[in-house]
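Worksheet: one structure, shown below.
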Amino acid sequence: MAFSSGGEGPMADINIIPLCDVMLVLLIIFMVTAPQLSYPIDIDLPQAAPPQIDRVEPPEPIRLRIDASGQLYWNDSPTPLSALRNMMESEVQRDPTNQPTLEIDTSEDADYGVLAKVLAEAKNAQMQKIGFVRK
């Protein structure tokens with residue numbers, strides 16, 4: 001028992017700090033000396049082979065230019081807006097999984113309505129790769 005220096009009588013509390021220290025040391029000793037409870041099992045796992053990927057070269061991109069007057073140029077040849085959808089659909093039908101990229105180059109003075117019509121035609125023709133050329 002511990003004694004108090006100024007009080008009514010002896011203090012009857014047990015100091016458990018040394019008891020906790022001893023218990024923690026014993027726990028660590030038992031954890032270190034306990035045998036491993038796992039047993040190794042030999043398993044023959046299949047080895048991964050590198051995947052064989054057939055790389056398909058992408059087709060040449062389609063260059064579509066819109067000048068300031070609203071004239072369309074399909075790969076540098078003048079094209080009317082009415083024929084644009086048929087040309088896009090024929091490009092998509094060649095290989096739907098490997099479509100060419102439609103690269104749209106517009107003049108700074110071009111009408112936005114023409115560009116909106118071109119984008120609508122590309123969407124209706126199911127073109128998936130559309131890009132804009134920056135200067």
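The values are calculated or read from the model by the stated rules, or taken from the named source; none is laboratory data. Treat the numbers as computed from the prediction; the structure is a model and nothing was measured. Methodologically, a virtual Cβ is constructed for each residue, glycine included, from the backbone with ideal geometry; neighbour enumeration extends over all protein chains shown.
Being assigned to a loop (DSSP other than H, G, I, E, B), in contact (Cβ under 8 Å) with a residue 12 or more places away in the chain and either of a type in the set (S, T, N, Q) or closer than 30 Å to Asp95 by Cα (or both) is the requirement here; does Pro51 meet it?
Details: assigned to a loop (DSSP other than H, G, I, E, B): yes; in contact (Cβ under 8 Å) with a residue 12 or more places away in the chain: no; either of a type in the set (S, T, N, Q) or closer than 30 Å to Asp95 by Cα (or both): yes.
The answer is no for Pro51.
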Look through region 24-57, keep the residues that are under 30 Å from Thr101 (Cα atoms) and among the aliphatic types (A, V, I, L, M), and return whichever of them is surrounded by the most Cβ atoms within 10 Å (Cβ to Cβ). Val56
Subset of region 95-118 that is free of Cβ contacts under 8 Å to residues at least 12 places away in the same chain and assigned to a helix (DSSP H, G or I) - its residue that is nearest to Pro58 (Cα to Cα): Ala116
Going through region 110-135 in order, the residues found to be modelled with pLDDT under 90 and closer than 16 Å to Gln71 by Cα are Ala110, Asp111
In region 66-89, the residues that are among the acidic types (Asp, Glu) and either under 19 Å from Pro100 (Cα atoms) or loosely packed, with under 11 Cβ neighbours inside 10 Å (or both): Asp76, Glu89
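Inside region 119-135, can you point out the residues that are assigned to a helix (DSSP H, G or I) and among the hydrophobic types (A, V, I, L, M, F, W, C)? Don't jump to the end; show me each part of the working.
If we filter region 119-135 for residues that are assigned to a helix (DSSP H, G or I), which is where we start, we get 119-124.
Scanning region 119-135 gives Leu119, Ala120, Ala122.
To keep it simple, each residue is scored yes or no on (1) more than 30 Å from Gln128 (Cβ to Cβ); (2) in a helix (DSSP H, G or I).
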position	(1), (2)
Met23	yes, yes
Ile28	yes, yes
Val32	yes, yes
Gln47	yes, no
Val56	no, no
Gly70	no, no
Met88	no, yes
Gln93	no, yes
Based on this model, can you work out whether Glu60 counts as exposed (fewer than 14 other Cβ atoms within 10 Å of the Cβ), out of contact with any Lys or Arg (no Cβ under 9 Å at 6 or more places or on another chain) and touching a residue at least 40 places away in the same chain (Cβ under 8 Å)? yes
State which residue is nearest to the chain's Cα centre (by Cα) when the search covers only region 76-135 and only residues that are more than 30 Å from Asp54 (Cβ to Cβ) and basic (Lys, Arg). Arg134
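Across region 1-38, what is the number of residues that are at pLDDT 75 or above and not β-branched (Val, Ile, Thr)? Quick ask: steps written out before the conclusion?
As a first pass, look at region 1-38 and keep what is at pLDDT 75 or above: 10, 12-34.
Okay, now just the ones that are also not β-branched (Val, Ile, Thr), so 10, 12-13, 15, 18-21, 23-24, 26-27, 30-31, 34.
Residues meeting the conditions: 15.
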Would you be able to tell me the number of residues in region 95-135 that are charged (D, E, K, R) and exposed (fewer than 11 other Cβ atoms within 10 Å of the Cβ)? 4
